Amino acid sequence: MEAPPDLVIHARRAVTGRREAPATVSVRGGRVAAVAPHGTAFPGAAEVVELGPDAVLLPGLVDSHVHINEPGHTEWEGFASATRAAAAGGITTLVDMPVDSVPATVDVAALAAKRAAALGRCHVDVGFWGGAIPANTGELAALHRAGVLGFKCFLADSGAPDFPPLSEDGLLTAMRALRELDAVLLVHAESEAKLASCPPPGGRRYRDFLASRPARVERAAVATVIGAARRTGARAHIVHLSGAEALPLIAAARRDGVRITAETCPHYLSLCAEEIPDGATEFACCPPIREAANREPLWSGLVRGTLDLVVSDHSPCAAELKHRDTGDFGAAWGGISSLQLALPVVWTEARRRGISLAEVVRWMSERPARLAGLAAKGRIAPGYDADLCVFAPDEGFTVRVEDLHHRQPVGPYTGRRLYGTVRRTWLRGRDIDPLHPAGRLLARTAHRLEGAS
């Protein structure tokens, strides 16, 4: 006889598949035990939660593109602050990028340093990407065995001296190695050669910054990645795509059987160049936020499936590195802090376009989990981790710096009116407590966990 559930949630509105519908969810031992018709009784449950009609039960989101920066730049962001922000935004799993920490995650010793820094500090589950750089091809297999979920590379200067870009030959070499491992390669797709022919960034005018990284720079790099994936048969993923003109290349490659996926980010879906004031370096990121005419094709790309997922690319830095005193875009760090706000930013724009919450959940939970190979994450279904959040989609709020948990909360959304608040979050069936970390460090196989935090 089965033990009674630890938790039962009666939700008049729940996203448990491709649509929103009433459901009762029972949880036992940290996993979803059953998804039953709304009102189904589960006698003896330790806790029963009744949600009102203004709240929707969602699977916890998965953010596969987060720069935590610890160790080495913990003053920019650390595991404790980042994972608190994630939980407050309904994100129950994130994957840390291998660049901007010291050391960069390009060998097994660096991965061990990351894990040591994270242990006991995480409020959500955390996995790690490894780095692919010119000098570490021989390390890729060992990193893969050690549990990284995949690999990340740049095709242009990353801004970090210890994380140089791959040449086209280097990209082919890395892809051949990763094809043997069946590991995905995430690519920052900006062409070094095309950037060299653009005017250098500098000054307060946003349009000058935009001109320094035009969409053709992305398009050329995406074409290079597609060519390498076609030649090697490796899996490739384009990170933070901002330029919609690359979408036809991706769609055509997929039709040809090339193993390529792509993501975009909340800032590209919600902001536009025409609205960015000169000197407002909190909007600086690479690739840059483009014109309004570029934004709608990105939404269309998501709806049609050319773009697979939406992730934050949470990329904070020390406040002084944004150079808000001078407003010089050429000097400012390129990155946006948005981890806690990703869901409401995307939902605010999606509801405006008549896109369902179930579709948003697919882009921000199920698909990122699939990219990272986390088979127990991303859905409310029997056997999946009971990572859940209660979301009030019609509840509006104004973004205030004092409400954010990011260590560096300066960003482009301050003062912006958004819709959708996260009221409660469970990690493997337990309420996330901001005072008591309970996240785990996820290894390459979703069912193998490296150290309870």
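The values are calculated or read from the model by the stated rules, or taken from the named source; none is laboratory data. Small disclaimer: the values here were computed from a predicted structure and weren't measured. No Cβ is skipped: glycine too gets one built from the backbone with ideal geometry, and neighbour counts run over all protein chains shown. When the accessible area is computed, the model is the full protein with side chains, heavy atoms only, and any ligands, DNA or RNA have been set aside. Shrake-Rupley method; radii C 1.70, N 1.55, O 1.52, S 1.80 Å.
For a paramagnetic label modelled on SER356 (point 7 Å from Cα along Cα→Cβ), amide N atoms under 20 Å away belong, within the range 301-322, to 301-310.
If packing is taken as the average number of other Cβ atoms within 10 Å across a peptide's residues, how do 39-46, 380-387 rank, most packed first? List each step's numbers first, then the result.
Details: 39-46: 12.6, 380-387: 21.0.
Descending packing order for the listed peptides: 380-387, 39-46.
A full extension of the chain between ALA211 and ASP157 corresponds to an added length of 17.7 nm, given 0.36 nm per residue minus the alpha carbon distance.
Rounded to the nearest 0.05, the FRET efficiency derived from the C-beta distance between ARG145 and ARG254 at R0 = 30 Å is 0.50. Counting protein heavy atoms only, the range 1-154 has 56 percent of its accessible area on carbon and sulfur, 1.4 angstrom probe.
The convex hull built on the alpha-carbon positions of the range 216-337 has an orientation-averaged projected area of 7.7 nm².
State the volume of the convex hull built on the alpha-carbon positions of the range 296-453, expressed per residue in Å³ and rounded to an integer. List each step's numbers first, then the result.
Numbers: hull volume 25.2 nm³, N = 158.
Each residue corresponds to 160 Å³ of Cα convex hull volume.
Could you provide, to the nearest whole Å², the per residue accessible area of the chain with probe 1.4 Å? Please list the in-between numbers first.
Values: 16610 Å² over 453 residues.
Normalised by residue count, the accessible surface of the chain is 37 Å².
Fully extending the segment from LEU181 to ALA381 would add 69.1 nm, taking 0.36 nm per residue of separation and subtracting the current Cα-Cα distance. Applied to the range 125-134, the Karplus parametrisation 6.51 cos²θ - 1.76 cosθ + 1.60 on θ = phi - 60° returns per-residue 3J(HN,Hα) values of 6, 9, x, 9, 8, x, x, 10, 10, x Hz, with x for Gly and Pro. Within the range 21-88, the GluC sites (Glu not before Pro) that combine a DSSP coil assignment with at most 14 other C-beta atoms in a 10 angstrom radius are GLU47, GLU75.
Treat every Asp and Glu Cβ in the range 211-318 as -1 and every Lys and Arg Cβ as +1, leave all other atoms uncharged, and give the resulting dipole magnitude about the Cα centre to the nearest 20 debye. Write out the running numbers ahead of the final one.
Working: 12 positive and 12 negative charges, 159 e Å.
About 760 debye.
Counting only DSSP H runs of at least 4 residues, each contributing -39500 (n - 2.57), and dividing by the residue count of the chain, the helix-based mean residue ellipticity at 222 nm comes to -7500 deg cm²/dmol.
Order the peptides 168-178, 136-146 from the highest to the lowest mean number of other Cβ atoms within 10 Å of their residues. Don't jump to the answer; show the numbers that get you there.
Details: 168-178: 19.5, 136-146: 17.6.
Top to bottom by mean Cβ count within 10 Å: 168-178, 136-146.
About its Cα centre, the chain has a charge dipole of approximately 1180 debye under the convention of +1 per Lys or Arg Cβ and -1 per Asp or Glu Cβ, with nothing else charged. For the range 89-193, the ratio of Cα radius of gyration to the globular rule of thumb 2.2 N^0.38 Å stands at 1.06. Over all pairs of different C-alpha atoms, the chain has a mean inverse distance whose reciprocal, the Kirkwood radius, equals 22.0 Å. Note on the range 1-60: Kirkwood radius taken over Cα pairs, Stokes-Einstein applied at 37 °C and 0.692 mPa s, translational D equal to 284 µm² s⁻¹. Once you place label points 7 Å from the Cα toward the Cβ at GLU275 and LEU435, how far apart are they in nm? Rounded to a tenth, the inter-label distance reads 3.9 nm.
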